[in-house]
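Colleague: Structure below; questions to follow.
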Amino acid sequence: MKAVVTVKLKPGVLDPQGKAIGHALEGLGFDGIADVRVGKVIELDLHETDPAAAREAAAAMARRLLANTVIESFDVTLA
Amino acid sequence: MQAGIIVFPGINRERDIAMALEGSLGRRPRMIWHRETDLAGVDLVVIPGGFSYGDYLRCGAMAAQSPVMRAVSAHAARGGYVLGVCNGFQILTEAQMLPGALLRNAGLRFLSMDCHLRVERADTVFSGQYQRGQVFRAPMAHGDGNYFADADTLDRLEGEGLVAFRYVDASGAVSGAANLNGSARNIAGVLSANLRVLGLMPHPENLVDPLMGGVDGKPLFDSLAAIGVA
């Protein structure tokens, strides 16, 4: 079963990359952008078939390695 | 004092720091490959700069999980000395041996230039040969040196005197202009609660010989040489 871990910077953590992308989008003529934040999407293909166990396994991996919870938060979705 | 330098794949300053350590300690550091787990006989563990594991996932994230880091953590828990420079500082935060995290530089640029550091306390094993408030020059070379911690952690670091060095201008004043990577409260280096683990972003090891253009970084290594180790 596939688990998708989405890692995002916590609110309040400066994201200069997001700011630069926002400026670039404005330069291309896209307006109405209040803010841009950049994160990561990590797809895990797990042998686990039980959804609850797969979700817990992915969350454990995120807490331990995939996200740095000092600066990042994460969500797990199953696909 | 026997130093050991941890060598991860992708590290590139291990020889620089070995030269600086040997110059002050008078004996050659042991090079410790990241798969080793035996630190017996090592008083000071040094994690050098570079790009361990290609900075995959986050700077220092992969190295922090490697077998040798469990041994380094145990060494620190026993009261052993640990110095992390640049990527080494990032690895120490990822391993949760020091608080906070190093974010992308606020200006997004990789910074390869000298900065000025102010010594916030001169009563540690890493800074005894400096004066408190002394300003010294240090090269820096990093893309992710923007120190971040939440406000409570920053207040605790300041309150407990665990800020080792700050980015300042040449006169020693803390300013936004001197804070090239955007670090919280101009913090360039932090200490553990027992003052035996230091992480800093700039490279004092690259200014330890007149041929390098100065010896501003040498007192840090001389400080380590000055302490007796049983």
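The values are calculated or read from the model by the stated rules, or taken from the named source; none is laboratory data. Being a predicted model, the structure only gives us computed values, none of them experimental. Counting neighbours? That spans all protein chains shown, and the Cβs are built from the backbone with ideal geometry, glycine included. To get the accessible areas, we keep the full protein, side chains included, count just its heavy atoms, and leave off ligands, DNA and RNA. Shrake-Rupley method; radii C 1.70, N 1.55, O 1.52, S 1.80 Å.
Colleague: Taking the condition of being touching a His at 6+ places or on another chain (Cβ under 8 Å) and under 20 Å from residue B:204 (Cα atoms), how many residues in region B:31-51 meet it?
Modeller: Adding up the residues that qualify gives 2.
Colleague: Let me ask another. Which of the residues that make up region B:100-122 are assigned to a loop (DSSP other than H, G, I, E, B), away from chain A (no Cβ under 13 Å) and surrounded by fewer than 21 Cβ atoms within 10 Å (Cβ to Cβ)?
Modeller: Once the filter is applied, which keeps residues that are assigned to a loop (DSSP other than H, G, I, E, B), away from chain A (no Cβ under 13 Å) and surrounded by fewer than 21 Cβ atoms within 10 Å (Cβ to Cβ), region B:100-122 yields B:121, B:122.
Colleague: Go through (1) open to solvent by 60 Å² or more (accessible area, probe 1.4 Å); (2) within 26 Å of residue B:223 (Cα to Cα); (3) not polar (S, T, N, Q) for residue B:83 and report which single condition fails.
Modeller: (1) is the only condition that residue B:83 fails.
Colleague: State which residue is most open to solvent (accessible area, probe 1.4 Å) when the search covers only region A:27-39 and only residues that are over 30 Å from residue A:79 (Cβ atoms) and among the small types (Gly, Ala, Ser).
Modeller: So, considering only residues that are over 30 Å from residue A:79 (Cβ atoms) and among the small types (Gly, Ala, Ser), the one most open to solvent (accessible area, probe 1.4 Å) is A:32.
Colleague: Check A:60, A:24 and return the single one that is free of Cβ contacts under 8 Å to residues at least 12 places away in the same chain, open to solvent by 50 Å² or more (accessible area, probe 1.4 Å) and of a type in the set (Gly, Ala, Ser).
Modeller: Result of the check over A:60, A:24: A:24.
Colleague: Would region B:155-170 turn up any residue that is over 20 Å from residue B:59 (Cβ atoms), more than 14 Å from chain A (Cβ to nearest Cβ), touching a helix residue (DSSP H, G or I) at 6+ places or on another chain (Cβ under 9 Å) and small (Gly, Ala, Ser)?
Modeller: no
Colleague: If I filter region B:123-144 for residues that are assigned to a loop (DSSP other than H, G, I, E, B), among the basic types (Lys, Arg) and open to solvent by 40 Å² or more (accessible area, probe 1.4 Å), do I get at least one hit?
Modeller: Checked against the condition, which is being assigned to a loop (DSSP other than H, G, I, E, B), among the basic types (Lys, Arg) and open to solvent by 40 Å² or more (accessible area, probe 1.4 Å), region B:123-144 yields at least one hit.
Colleague: Pick out the one residue from A:35, A:15 that is under 18 Å from the mean Cα position of the chain (by Cα) and away from every other protein chain (no Cβ under 14 Å).
Modeller: Just one listed residue meets the conditions, A:35.
Colleague: Could you list, in sequence order, all residues of region A:40-57 that are crowded, with 16+ Cβ neighbours inside 10 Å and within 14 Å of chain B (Cβ to nearest Cβ)?
Modeller: A:42, A:44
Colleague: For region B:91-99, indicate whether the set of residues that are open to solvent by 40 Å² or more (accessible area, probe 1.4 Å) and within 14 Å of another protein chain (Cβ to nearest Cβ) is non-empty.
Modeller: Within region B:91-99 (the criterion being open to solvent by 40 Å² or more (accessible area, probe 1.4 Å) and within 14 Å of another protein chain (Cβ to nearest Cβ)), the answer is yes, since at least one residue qualifies.
Colleague: Now for a different question. Can you tell which of B:192, B:223, B:175 is open to solvent by less than 10 Å² (accessible area, probe 1.4 Å) and either within 25 Å of residue B:75 (Cα to Cα) or out of contact with any Leu (no Cβ under 8 Å at 6 or more places or on another chain) (or both)?
Modeller: So the residue among B:192, B:223, B:175 that is open to solvent by less than 10 Å² (accessible area, probe 1.4 Å) and either within 25 Å of residue B:75 (Cα to Cα) or out of contact with any Leu (no Cβ under 8 Å at 6 or more places or on another chain) (or both) is B:223.
Colleague: Same structure again: Out of region B:81-97, which residues are assigned to a strand (DSSP E or B) and among the aromatic types (Phe, Trp, Tyr)?
Modeller: Within region B:81-97, B:81 is the sole residue that qualifies.
Colleague: Among the numbered criteria (1) at the interface with chain B (Cβ under 9 Å from one of its Cβ atoms); (2) open to solvent by 30 Å² or more (accessible area, probe 1.4 Å); (3) touching a helix residue (DSSP H, G or I) at 6+ places or on another chain (Cβ under 9 Å); (4) not β-branched (Val, Ile, Thr), which single criterion is violated by residue A:66?
Modeller: (2)
Colleague: Based on what the data block shows, is residue B:184 within 14 Å of chain A (Cβ to nearest Cβ), over 19 Å from residue B:204 (Cβ atoms) and buried (at least 21 other Cβ atoms within 10 Å of the Cβ)?
Modeller: Here the answer is no, as residue B:184 does not meet what is asked.
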